[in-house]
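Each remark here refers to the structure printed beneath this line.
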Amino acid sequence: MASYTAPRRDIQFVLREFLDADSHYSALAGDAAVAPDLLDAIIDNAAKFAEEVVAPTFQSGDAEGCHFADGRVSTPAGYAEAFRQWGEGGWQGLTVPVADGGQGLPPSVGLCVTEMVGAANWAWSMYTGLSGAPVTCLLNGGTEALKARFLPKLLSGEWAGTMCLTEAHCGSDVGLLRTRASDNGDGTWNITGTKIFISGGDQDITDNIVHAILARTEGAPAGTAGISLFIVPKFWVEEDGTLGAFNHVSCGSIEKKMGLKGSATCVMNYDGARGFMLGAENQGLALMFKLMNTARIGTALQGLAMCERAFQGALAYARERLQMRSLTGAKNPDGPADPIIVHPDVRRMLMTQKAFTEGGRAFLYWLAQQADVIAHGSAQDAEAASALLELLTPIAKGFCTETAQEVSYLGMQVFGGHGYIAEHGMEQIARDNRISTVYEGTTGIQSLDLIGRKVLGSGGKLLRGFTKVIHKYCEAQGGNAAMAEFVAPLAELNAEWGDLTMKVGEAAMADAEAVGSASVDYLMFSGYVTYAWVWARIAETSLAALQRAEGEGDGEGESDGAFYRAKLATARFYFQRLLPRARAHAAAAMAPPASVMALAEEEFAF
């Protein structure tokens, strides 16, 4: 039976030691300042909620799945009760401004909570995550009257929400959408069309569902320039916030899926459903992109959550499973065989999982701090943080989810044949995680966004902003002999990042296909270098902490010392075993696009 334990120690390390959260939060404006005792309480209570309320629904929810009958969706047992407790606990409004009915805490606090409940059961957490979609849209484009009408019950968990972009004939190319909006002349609009792949489009968890929908008004320009954003409730909401009549929002079917079976993926029909426009006409995509960027970081977080879950399961099994003897002598002489954790190849798999999991946590929590600064910092600091997030969001979404596929695969591999059966939950993790590289923009879409729009599109400015951060870090560590094993290769690859970018850009001037053919390898190279910077900083933090911990001499000091030594060992593993992959990706990115485009369409099959 699969289980989940929130990684409290590593979360505290990342927040308090790696990121100096206490100083970070104290520097934020107003209600966003988080006292240390409050942060501890939030982490502790979120961990308990994840372990005790959400985690028990992980395997049972997958086995039961969602069902569709008579136009209604039913969710697995325990989902509605967990959602009720989530709402009553105030978790849904954790990062919403106080003035709008939330608790006003910084985005990074919400991300920490989301990691834990998502690792406990990502399928369940889809309902809480998508409920934030109309909230974000209302905060960015809603009038005070609309916010008063919808936010209270969205934040209390009495209502849920969705994000509705995709249509059957267009995926990421939302400019092709056909859903129509007609003006009723009274401040409302009638929405007509069909959306697919709508997570939580219908469910039996809440009394109402509020849909954030992209649609095209009559006479709107073609393409993305003619898209507007609307919120449309399943049941009409009166001005005082009470429920009215059914609003012609119906579920046509739910998808039969590979994973996340407790999350209803719906085909939604809007048959003249009334709603409200948010923001200005034809400006919907700009508003939705504010939500999409958040969603992409959220999907990167899914990669981290699945990494943590797969690593925990593999580690526990490797400690218990007895098979063969160590080549260096029996490690379990009183037993019939040694635990498989003593074997080098099993260690390789576990260390790979550990490096990607803990590196991903440090990276994403640091990114979330940049979001804190954008929301609650000075104008100058917010500008710099925004530039970093603009560059690093596609790297986070693409790299964190691609490496999560490897980590979940390795989780199954450690279990051997037992990983392929449902009992241990490892095959479910692999199934649940597989979608993370697809939705909110595939890895290919993220890669094109990174190299095309963010790097080349900014004339290299965004990239130089981050490589300068790395360069300054390496310079600052130049006199630290203990850090030389990390700083030297990091500095080399950081310089190569700029060179690779110039070469891809030059190749694109000669052949427009060069960017597309190089893009995924370019993103993966970028991810490996970014994680190298993260792991160098983790190593630096651990070296300093190890000196303190080993000097204490008591039991707690010995435990801390083991923790920091493990961090250093994992940093060395990353640099020696995983970082070399970066240059292979660089070489592939520089290969001529002809090797990708050589075949005519008809030559792919005979």
ask   = Within region 421-434, can you find the residues that are of a type in the set (A, V, I, L, M, F, W, C) and buried (at least 20 other Cβ atoms within 10 Å of the Cβ)?
value = 426, 429, 430
request  = Determine whether residue 35 is exposed (fewer than 14 other Cβ atoms within 10 Å of the Cβ) and either touching a helix residue (DSSP H, G or I) at 6+ places or on another chain (Cβ under 9 Å) or in the same structural domain as residue 562 (by TED's automatic domain parsing) (or both).
outcome  = yes
inquiry  = I'd like the residue in region 12-32 that is surrounded by 14 or more Cβ atoms within 10 Å (Cβ to Cβ), modelled with pLDDT under 95 and of a type in the set (A, V, I, L, M) and, out of all such residues, is nearest to the chain's Cα centre (by Cα).
reply    = 32
remark   = Counting only strands (runs of 3 or more DSSP E) entirely within region 210-269, those with at least 1 residues that are closer than 18 Å to residue 70 by Cβ are 235-237, 243-246, 249-254
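The rows are residues; the columns are (1) farther than 10 Å from residue 262 by Cβ; (2) more than 23 Å from the chain's Cα centre (by Cα).
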{"residue": "58", "(1), (2)": "no, no"}
{"residue": "61", "(1), (2)": "no, no"}
{"residue": "69", "(1), (2)": "yes, yes"}
{"residue": "72", "(1), (2)": "yes, yes"}
{"residue": "75", "(1), (2)": "no, yes"}
{"residue": "80", "(1), (2)": "yes, yes"}
{"residue": "86", "(1), (2)": "yes, no"}
{"residue": "98", "(1), (2)": "yes, yes"}
key: Residue that is of a type outside the set (D, E, K, R), outside the structural domain of residue 403 (by TED's automatic domain parsing) and surrounded by fewer than 18 Cβ atoms within 10 Å (Cβ to Cβ), where the choices are 549, 510, 491   = 510
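Hey, which of the helices (runs of 4 or more DSSP H) in region 51-130, taking only ones fully inside, have at least 1 residues that are modelled with pLDDT of 95 or more and within 29 Å of residue 376 (Cβ to Cβ)? Walk me through it before giving the result.
Details: elements: 58-64, 79-88, 107-120.
Hits in region 51-130: 79-88, 107-120.
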inquiry  = Would you confirm whether or not region 354-373 contains a residue that is among the basic types (Lys, Arg), in contact with a helix residue (DSSP H, G or I) (Cβ under 7 Å, 6 or more places away or on another chain) and more than 27 Å from residue 566 (Cβ to Cβ)?
reply    = no
key: Sole residue being in contact with a helix residue (DSSP H, G or I) (Cβ under 8 Å, 6 or more places away or on another chain), closer than 20 Å to residue 28 by Cβ, of a type in the set (Val, Ile, Thr) and buried (at least 23 other Cβ atoms within 10 Å of the Cβ), chosen from 135, 117, 98, 109   = 109
message = Just checking, does region 319-340 include any residue being among the polar types (S, T, N, Q), in contact with a Lys or Arg (Cβ under 9 Å, 6 or more places away or on another chain) and not in a helix (DSSP H, G or I)?
response = yes
ask   = Can you tell me which residue in region 409-425 is farthest from the chain's Cα centre (by Cα), limited to those that are under 22 Å from residue 64 (Cβ atoms) and touching a residue at least 24 places away in the same chain (Cβ under 8 Å)?
value = 423
task = Could you pull out every one of the helices (runs of 4 or more DSSP H) wholly within region 502-606 that has 3 or more residues that are modelled with pLDDT of 95 or more?
result = 513-552, 555-573, 581-590
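The values are calculated or read from the model by the stated rules, or taken from the named source; none is laboratory data. Just so you know, these numbers come straight off a predicted model, no measurement behind them. Please note: Cβ atoms are built from the backbone with ideal geometry, for glycine as well, and neighbour counts cover all protein chains shown.
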